[in-house]
Amino acid sequence: MEHLKYPERYWQHLLAFPFIISMIIPLVIFDFCTELYHHICFPLYGIPLVPRQEYIKIDRVKLSYLTWLQKIFCA
């Protein structure tokens with residue numbers, strides 16, 4: 001309940017929320033371009049493909065002390 005210690009920051013967080021969420025679109029585009037590069041260029045250079053699961057972990061959402069909103073932001 002750390003967020004309850006600073007109620008004056010509520011409006012700051014509320015104003016920042018749309019900007020944080022709007023970054024999802026560029027991140028998805030970046031992820032798509034990176035995967036496209038990975039699947040086209042790596043075989044051309046003779047580099048083995050790397051499984052994403054080894055490097056991208058979405059395990060922070062399993063932390064029990066986070067609220068549902070904090071889990072979304074961690075994801």
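Overview of values
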item: Residue list for segment 38-50, filter: open to solvent by less than 70 Å² (accessible area, probe 1.4 Å) and under 18 Å from Val28 (Cα atoms); result: His38
item: Some residue of segment 28-39 being touching a residue at least 12 places away in the same chain (Cβ under 8 Å) and not in a helix (DSSP H, G or I); result: no
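To keep it simple, each residue is scored yes or no on (1) within 22 Å of Leu14 (Cα to Cα); (2) of a type in the set (Asp, Glu); (3) modelled with pLDDT of 75 or more.
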residue: Ile40; (1), (2), (3): no, no, yes
residue: Gly46; (1), (2), (3): no, no, yes
residue: Leu49; (1), (2), (3): no, no, yes
residue: Arg52; (1), (2), (3): no, no, yes
residue: Ile56; (1), (2), (3): no, no, no
residue: Arg60; (1), (2), (3): no, no, no
residue: Trp68; (1), (2), (3): yes, no, yes
residue: Phe73; (1), (2), (3): yes, no, no
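The values are calculated or read from the model by the stated rules, or taken from the named source; none is laboratory data. Computed from a predicted model, the values in this text were never measured in an experiment. Heads up, the Cβs are rebuilt from the backbone with ideal geometry, glycines too, and the neighbour counts pull from every protein chain shown. Surface accessibility is based on the protein's heavy atoms, side chains included, excluding ligands, DNA and RNA. Shrake-Rupley method; radii C 1.70, N 1.55, O 1.52, S 1.80 Å.
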